[in-house]
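To keep things clear, I will list the structure first and then write my remarks on it.
The values are calculated or read from the model by the stated rules, or taken from the named source; none is laboratory data. In this text, all values refer to a predicted model and were calculated from it rather than measured experimentally. Side chains included, ligands, DNA and RNA excluded: accessible areas come from the protein's heavy atoms. Shrake-Rupley method; radii C 1.70, N 1.55, O 1.52, S 1.80 Å.
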Amino acid sequence: MAHMHAATCLTPMQPVREVVRPDNQLELTEAELEEEIAKMLTANNPAAPKNIARYHMKERCYKFEPMVDQTICHYATDGWLLHKTCEEAKKQLDMEKMEKEAQDRFQVGVDCACALSH
């Protein structure tokens with residue numbers, strides 16, 4: 001067995017890159033591969049109206065708005081995200097624990113009252 005150098009044993013293994021092509025991938029010619037196709041991304045909302053007319057009471061006429069809002073909200077939720085270890089989260093967990101204990105005490109009181117009445 002050949003003697004291995006100590007540094008060789010300590011080097012991490014390099015990841016192996018393997019190209020995987022799907023079965024239905026198109027076969028393109030060299031000319032098609034070299035063809036440059038320009039695409040431009042825009043921030044315009046296609047669902048936004050092209051123009052908006054609003055009635056101005058002061059001038060007593062309709063006027064077109066110079067800017068149309070292009071904002072679109074993809075996801076929204078109400079509420080707070082708190083990390084479990086922050087002070088506010090600890091207060092909230094303590095409050096929930098106190099509410100649960102109060103509900104349990106109330107239920108025990110109701111159960112005792114029902115048992116005595118029978």
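Only residues that are open to solvent by less than 90 Å² (accessible area, probe 1.4 Å) and not aliphatic (A, V, I, L, M): list them for the range 16-31, please.
The answer is Pro22, Gln25, Thr29.
Which of the residues that make up the range 91-113 are among the charged types (D, E, K, R) and at pLDDT below 90? Before the answer, list the steps.
First, pick out the residues of the range 91-113 that are among the charged types (D, E, K, R): 91, 94, 96-97, 99-101, 104-105, 111.
Selection gives Asp111 alone.
Yes/no per residue for (1) part of a helix (DSSP H, G or I); (2) open to solvent by less than 90 Å² (accessible area, probe 1.4 Å); (3) closer than 30 Å to Ala43 by Cα:
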position	(1), (2), (3)
Thr71	no, no, yes
Thr77	no, no, yes
Ala89	yes, yes, no
Lys97	yes, no, no
Lys100	yes, no, no
Gln107	yes, no, no
Val110	yes, yes, no
Leu116	yes, no, no
